[in-house]
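**Student:** What follows is a single structure, and I will ask about it in a moment.
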Amino acid sequence: GDCDAFFAPDLDFKRARALFEQRFLERRLAAGDQVIGKKIGLTSAAVMTMLGVSQPDFGQLLASMLYHDGAQVDTAQLIAPRAEGEIAFVLKRELCGPGLTAADVLAATEGVMACFEIVDSRIAHWQIQIQDTVADNASSGLFVLGSQPRRLGELDLTACAMEMRQGEEVVSRGNGRACLGNPLNAAVWLADVMVRYGRPLQAGDIVLTGALGPMVNAGPGQTFVAEIAGLGSVTAVFA
């Protein structure tokens with residue numbers, strides 16, 4: 001019913017987004033969870049074309065979704081997980097005010113690090129449309145945060161090459177250009193959107209900026225390592 005309302009002529013995108021988030025967050029927060037950041041999705045031009053949209057999407061990151069580098073991921077809470085190598089931003093100050101720029105995001109960022117987003121979907125075989133991913137918290141399952149923060153000003157995020165391995169096999173490759181041309185562009189987009197929604201990004205927020213390469217099916221007994229040039233590596237272990 002909520003998904004049908006998303007495309008009703010008298011319900012705009014902002015109101016629909018608020019409706020979905022309210023339902024999702026009410027349940028999680030009532031259970032004792034808390035919001036610790038945001039994720040950006042649909043940053044690949046190919047995926048946007050596939051879903052017929054012209055801009056990215058975003059979802060909420062909750063404390064219950066966070067795993068640390070090398071920790072065993074509980075696959076029992078997942079449905080059809082896929083792993084993506086990404087760059088995470090950690091903010092040190094609020095990003096408010098209209099017309100935010102890359103310089104504003106640079107000044108507000110404490111550091112960046114390698115991470116995995118473990119995306120997930122309730123839709124069989126991942127045959128999703130835009131309304132499915134919006135209603136499903138931007139297809140976010142959980143995330144694994146690296147342990148080697150770097151200063152953003154020291155890196156060329158466009159050229160940051162990512163290589164994901166399962167054992168000795170390379171299963172995904174990419175770089176910052178795959179993420180709106182530069183992960184910093186994705187972070188600026190989100191910061192501006194959140195200001196327009198009246199909920200600016202806050203100090204301490206974690207922001208996952210989007211996949212640097214193709215996502216990979218993941219399941220019990222598998223271990224993935226993502227190496228991102230300049231940021232080191234992060235390991236996801238699926239129990």
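The values are calculated or read from the model by the stated rules, or taken from the named source; none is laboratory data. Remember, it's a predicted structure, so these values are computed and weren't measured experimentally. All Cβ positions, even for glycine, are placed from backbone atoms using ideal geometry, and neighbour counts span all protein chains on display. Quick note on the areas: whole protein, heavy atoms, side chains included, nothing else; ligands and nucleic acids left out. Shrake-Rupley method; radii C 1.70, N 1.55, O 1.52, S 1.80 Å.
**Student:** Heavy-atom accessible area per residue, segment 109-239, 1.4 Å probe: how many Å²? Walk me through the intermediate numbers first.
**Tutor:** Working: 5180 Å² over 131 residues.
Per-residue accessible area for segment 109-239 comes out at 40 Å².
**Student:** Leaving out ligands, DNA and RNA but keeping every protein chain, what accessible area does residue 170 have, in Å² rounded to the nearest 10, with a 1.4 Å probe?
**Tutor:** Around 50 Å² of this residue is reachable by solvent.
**Student:** Compute the distance in nm between two label points, each set 7 Å from the Cα along the Cα-to-Cβ direction, one at residue 30 and one at residue 53.
**Tutor:** The answer from the label model is 2.6 nm.
**Student:** For residue 170 paired with residue 64, estimate the spin-label separation in nm (one decimal), with each label point 7 Å from Cα along the Cα-to-Cβ line.
**Tutor:** About 3.9 nm, to one decimal.
**Student:** So what are the chain's ellipsoid semi-axes, whole angstrom, largest first, if each one is the square root of 5 times an eigenvalue of the alpha-carbon gyration tensor? Show your work: numbers first, answer last.
**Tutor:** Numbers: eigenvalues 126, 98, 59 Å².
Result for the chain: semi-axes of 25, 22, 17 Å.
**Student:** Go ahead and run the numbers for FRET between residue 93 and residue 159, Cβ-Cβ distance against an R0 of 25 Å, rounding to 0.05. Don't skip to the answer; put the middle values down first.
**Tutor:** Values: r = 27 Å, r/R0 = 1.07.
It comes to 0.40.
**Student:** With a point put 7 Å past each Cα toward its Cβ, work out how far residue 45 is from residue 223 in nm, to one decimal.
**Tutor:** Roughly 3.8 nm, to one decimal.
**Student:** Now for a different question. With a 1.4 Å probe and every protein chain left in place, tell me how much accessible area residue 156 has, in Å² to the nearest 10.
**Tutor:** Number for this one is 90 Å².
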